[in-house]
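Please read the structure below before turning to the comments.
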Amino acid sequence: MKAIDNKELILALEDLEKEKGIKKEYLLGSIESALVTAYKRNFDSSENVKVVMDRKTGATYVYSVKQVVEKVNNSIQEISLTEAKKINKTLEIGDSVEVEIVPKNFGRIAAQTAKQVIVQKIREAEREIIFTEYSDKIGEIVSGPIQKADKGIVVMDLGKVEGIMPLKEQIPTENYNVNDKIKACVISVEKGEKGAPQVIVSRSHPDFVRKLLEFEIPEIYEGIIEIKSVSRDPGKRSKVAVYSQDPNIDPVGSCVGQRGIRIQNVINELHGEKIDVIEWSPDISIFIAAALLPAKIMAVDSKEDEKFAQVIVPDDQLSLAIRKSRTKCKISSKTYKLEN
């Protein structure tokens with residue numbers, strides 16, 4: 001029995017497995033499938049063919065799979081019981097048998113096919129590895145130089161892949177210039193043209209502030225302090241609600257740091273965006289009052305089912321309570337109704 005031998009191919013596949021993490025078995029299986037297609041295209045498309053590659057030597061065996069019958073009507077797909085028993089005495093009518101064949105010039109076809117498959121599968125596997133790697137980084141911060149900044153889209157160089165920051169994910173008050181090194185938060189990973197991964201990043205997303213605080217404040221990273229919620233008006237102000245189950249921990253003070261140094265590092269990264277850190281409370285009225293600080297709150301009447309709260313403040317505290325861009329604020333005499 002003559003087979004197409006290719007030990008160099010096996011060595012090359014083993015090197016690829018070590019260097020790029022692409023399993024040799026995966027590549028061999030893909031090559032075998034491609035060789036079946038190549039055989040049908042170049043020889044007999046009606047023949048039921050199986051191609052097997054030796055996992056150690058790279059020897060390629062080509063088999064014609066035939067059904068054992070009493071009387072042969074189609075010699076391409078059938079074999080008589082008498083001939084089948086010459087191959088394996090245990091075969092019976094209805095069984096399938098693999099008859100080895102050695103197609104002329106198939107070695108050249110096999111080599112070309114193997115090369116094409118390897119190039120294609122390497123590209124696909126690398127894309128899949130990158131897709132998986134960055135899918136696991138959703139919510140995490142990445143950094144890199146700006147590669148392109150035009151037409152409202154910023155493109156970061158993340159090494160293996162580009163990070164795309166659409167206009168809506170940018171901070172309106174920031175300017176982005178090519179070669180500037182910036183940080184951003186991975187918010188999604190998509191498959192673009194031909195399966196190429198697209199990593200979508202953001203500097204305006206609340207998770208960007210959340211992760212920056214985690215980097216700067218060990219108590220958050222260790223889980224001693226929990227960030228319950230982050231609300232942002234990107235470039236202007238963020239409000240962060242924090243909480244700790246430990247009564248000995250001051251969550252707000254820990255986040256702000258001595259002389260405000262911890263929170264200042266985050267503000268610097270956000271180019272001056274103000275950050276209010278407030279203590280979260282399960283009592284919604286207390287929480288709302290804290291969220292509106294430094295305004296003095298006279299009373300809070302909340303209706304949680306309706307996601308509605310009525311807040312009463314003194315007249316001279318109105319502008320401080322609603323701020324410039326507070327949303328959905330209905331004013332009625334000295335009663336100010338805040339929705340959501």
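What is the chain's relative contact order, in percent, from Cα pairs under 8 angstrom and six or more apart in sequence? Write out the running numbers ahead of the final one.
Values: 568 pairs, mean separation 28.5, N = 340.
For the chain, the relative contact order is 8 percent.
Over 28 Å apart at the Cα level, from the set K23/K115; K18/K104; K148/K194, are K18/K104.
The Rg/Rh ratio of the chain, with Rg taken over Cα atoms and Rh as the Kirkwood radius over Cα pairs, comes to 1.27. Computed from Cα atoms, the angle from the helix 24-42 axis to the main principal axis of the chain rounds to 50 degrees. Computed about its Cα centre, the charge dipole of the chain is approximately 900 debye, with only Lys, Arg, Asp and Glu carrying charge at their Cβ. The angle between the Cα long axis of helix 206-216 and the longest principal axis of the Cα atoms of the chain comes to about 80 degrees, rounded to the nearest 10. Taking 12 Å as the straight-line reach from the Cα of K296, the aspartates and glutamates in range (excluding those fewer than 8 positions away in the same chain) are D315, D316.
Too long at a 26 Å Cα-Cα cut-off: which of K50/K191; K168/K211; K121/K183?
Details: K50/K191 33 Å; K168/K211 19 Å; K121/K183 32 Å.
Over 26 Å Cα-Cα: K50/K191; K121/K183.
Taking the square roots of five times each eigenvalue of the Cα gyration tensor of region 205-280, the equivalent ellipsoid has semi-axes of 19, 13, 11 Å, listed largest first. Computed per residue of the chain from DSSP H runs no shorter than four, each worth -39500 (n - 2.57), the mean residue ellipticity at 222 nm is -10000 deg cm²/dmol.
Please return the longest range in the chain lying between exposed loop sites, taking GluC sites (Glu not before Pro), DSSP loop only, at most 13 other beta-carbon atoms within 10 Å, and leaving the sites out. Intermediate results must be reported in sequence, preceding the final value.
Details: sites that count: E70, E92, E140, E222.
Longest site-free region, per DSSP loop and neighbour criteria: 223-340.
When both bridge partners sit in region 7-134, DSSP labels roughly 80% of those beta bridges antiparallel. Ratio of Rg to Rh for region 138-197: 0.94 [Cα atoms; Kirkwood radius as inverse mean 1/r over pairs].
No value in this document is a laboratory result; all are computed from the given coordinates. Values in this document were obtained by computation on a predicted structure and should not be read as measured data. Don't worry about glycine lacking a Cβ; one is built from the backbone with ideal geometry, like all the others, and counts go over all protein chains shown.
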